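**Q** Following this message is one structure expressed as structure tokens.
The values are calculated or read from the model by the stated rules, or taken from the named source; none is laboratory data. As the structure is a prediction and not an experimental result, all values here were calculated from the model. So basically every Cβ, Gly included, is an ideal-geometry build from the backbone, and we count neighbours across all protein chains shown.
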């Protein structure tokens with residue numbers, strides 16, 4: 001259990017710093033936002049309780065908002081993502097043991113569904129709150145789809161490289 005908390009702490013700091021100092025500095029247009037910090041929420045060990053996941057997700061969102069100058073946007077989106085995560089893991093799990101789907105040939109579909117749904121949900125909430133105008137629903141959905149697709153691919157590549 002202590003190893004899990006050490007891993008969580010290191011991942012939290014590294015991904016927070018990468019997001020704030022590198023990813024937030026890269027402008028790829030209005031439709032594409034790189035949100036590498038979502039890896040933290042996606043890969044919190046399943047051995048931690050649902051409340052721990054929720055609180056850690058909220059803390060990550062709060063820190064991103066604090067260091068980026070946003071007004072609670074990431075906090076709300078990350079908290080919702082952390083809330084949905086355990087339910088999604090239970091629903092896509094094929095065995096009695098709940099686990100994060102590994103990125104390999106046999107589990108690629110589960111991995112894609114898991115990361116895709118959580119990232120899409122996060123981005124949809126984030127961009128809806130950021131725009132805060134449902135007249136712009138087409139813009140919000142387009143931005144969500146493009147950013148979510150790019151982040152699913154990026155996080156998949158990073159995850160595969162880390163695994164090796």
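**Q** Exactly one condition in (1) in contact with a helix residue (DSSP H, G or I) (Cβ under 8 Å, 6 or more places away or on another chain); (2) surrounded by fewer than 18 Cβ atoms within 10 Å (Cβ to Cβ) is not met by residue 87; state its number.
**A** Against the list (1) in contact with a helix residue (DSSP H, G or I) (Cβ under 8 Å, 6 or more places away or on another chain); (2) surrounded by fewer than 18 Cβ atoms within 10 Å (Cβ to Cβ), residue 87 comes up short only on (1).
**Q** When you check residue 112 against the structure, is it surrounded by fewer than 18 Cβ atoms within 10 Å (Cβ to Cβ), in contact (Cβ under 8 Å) with a residue 12 or more places away in the chain and under 20 Å from residue 161 (Cα atoms), yes or no?
**A** It is true that residue 112 is surrounded by fewer than 18 Cβ atoms within 10 Å (Cβ to Cβ), in contact (Cβ under 8 Å) with a residue 12 or more places away in the chain and under 20 Å from residue 161 (Cα atoms).
**Q** Among the residues of region 12-32, is any at pLDDT below 90, assigned to a helix (DSSP H, G or I), more than 22 Å from residue 163 (Cα to Cα) and touching a helix residue (DSSP H, G or I) at 6+ places or on another chain (Cβ under 8 Å)?
**A** Yes - at least one qualifying residue is present in region 12-32.
**Q** Next up: Considering each residue of region 41-52, count those that are part of a helix (DSSP H, G or I) and over 12 Å from the mean Cα position of the chain (by Cα), and give that number.
**A** Here the count works out to 3.
**Q** If the requirement is being closer than 19 Å to residue 159 by Cβ, within 12 Å of the chain's Cα centre (by Cα), touching a residue at least 60 places away in the same chain (Cβ under 8 Å) and crowded, with 18+ Cβ neighbours inside 10 Å, which of these qualifies: 38, 15?
**A** Going through 38, 15 in turn, the sole match is 38.
**Q** Pick from region 46-82 the residues that are closer than 22 Å to residue 154 by Cβ and at pLDDT below 90: which of them is surrounded by the fewest Cβ atoms within 10 Å (Cβ to Cβ)?
**A** 68
Residues checked against (1) part of a helix (DSSP H, G or I); (2) closer than 15 Å to residue 43 by Cβ; (3) at pLDDT 95 or above:
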{"position": "90", "(1), (2), (3)": "yes, no, no"}
{"position": "94", "(1), (2), (3)": "no, no, no"}
{"position": "99", "(1), (2), (3)": "no, yes, no"}
{"position": "119", "(1), (2), (3)": "yes, yes, yes"}
